[in-house]
């Protein structure tokens, strides 16, 4: 059978952004859940409990390349290229009654899941705060303080 690329993306990310993405993948793997391949979670994979894991570091001329590969037989776990988006929530950016900008995360049922907790002087600053949460939340750990 010939090779087929089901999904491919290339993007420049910060080390922090890469770490957040890998944490989200690791969290899903660790919980035995389907694993998002893309940021929108429209492509997911469902590897078996014990797939083969390979890490390669290669030198190609002046460049270094690190590849992490998880491999399994398709009969042991599949790929879904038409998944629904991974969240039932939407970020909202708005101006409050005091003229400050805020963000909130609203579930499709109408409940507010999270909010900025503070007003920002500009829409741009509120958007930066929102983007920071989006980038860092997938990899965040729970710090239980008793």
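No lab work stands behind these numbers, since they all come straight from the coordinates. What you see is a predicted model; the values in this text were computed from it and never measured. Methodologically, a virtual Cβ is constructed for each residue, glycine included, from the backbone with ideal geometry; neighbour enumeration extends over all protein chains shown.
For a quick check: sort 142, 43, 6 by the number of other beta carbons within 10 angstrom, fewest at the front. Before the final figure, lay out the partial values.
Working: 142 5, 43 18, 6 10.
Starting with the residue having the fewest Cβ neighbours, the order is 142, 6, 43.
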Once you have the Cα-Cα distance between residue 144 and residue 92, take 0.36 nm times their residue separation minus that, and quote the gain in nm to one decimal. 15.9 nm
Among 28, 104, 59: highest mean-square fluctuation, GNM of the chain, C-alpha pairs under 10 Å: 59
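Mind sorting 24, 31, 106 by how few other Cβ atoms lie within 10 Å of their own Cβ, fewest first?
Ordered from fewest to most neighbouring Cβ atoms within 10 Å, 24, 31, 106 come out as 31, 106, 24.
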Residue 76 label point, 7 Å along Cα→Cβ, cut-off 20 Å on backbone N: hits in the range 1-16? 1-4, 6
Counted neighbours (other Cβ, 10 Å), sorted fewest up, put 130, 22, 29 in the order 22, 29, 130
Simple spin-label model, 7 Å along Cα-to-Cβ: residue 8 to residue 137 in nm? 3.3 nm
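By its C-alpha gyration tensor, with a ≥ b ≥ c as the square roots of the eigenvalues, how is the range 37-88 shaped: rounded for a/c under 1.5, else prolate for a/b larger than b/c, else oblate?
Details: a/c = 3.45, a/b = 1.56, b/c = 2.21.
In terms of gyration-tensor shape, oblate.
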Return the single residue from 77, 129, 110 with maximal mean-square fluctuation; model: Gaussian network over the chain, springs between Cα atoms under 10 Å. 110
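For the chain, what is the mean residue ellipticity at 222 nm derived from helices alone (per DSSP H run of n ≥ 4: -39500 (n - 2.57); sum divided by total residues; nearest 500 deg cm²/dmol)? List each step's numbers first, then the result.
Values: 2 runs with 30 residues, N = 146.
Calculated mean residue ellipticity at 222 nm is -6500 deg cm²/dmol.
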Among 26, 114, 98, residue whose mean-square fluctuation peaks in a GNM of the chain (springs only between Cα atoms under 10 Å): 98
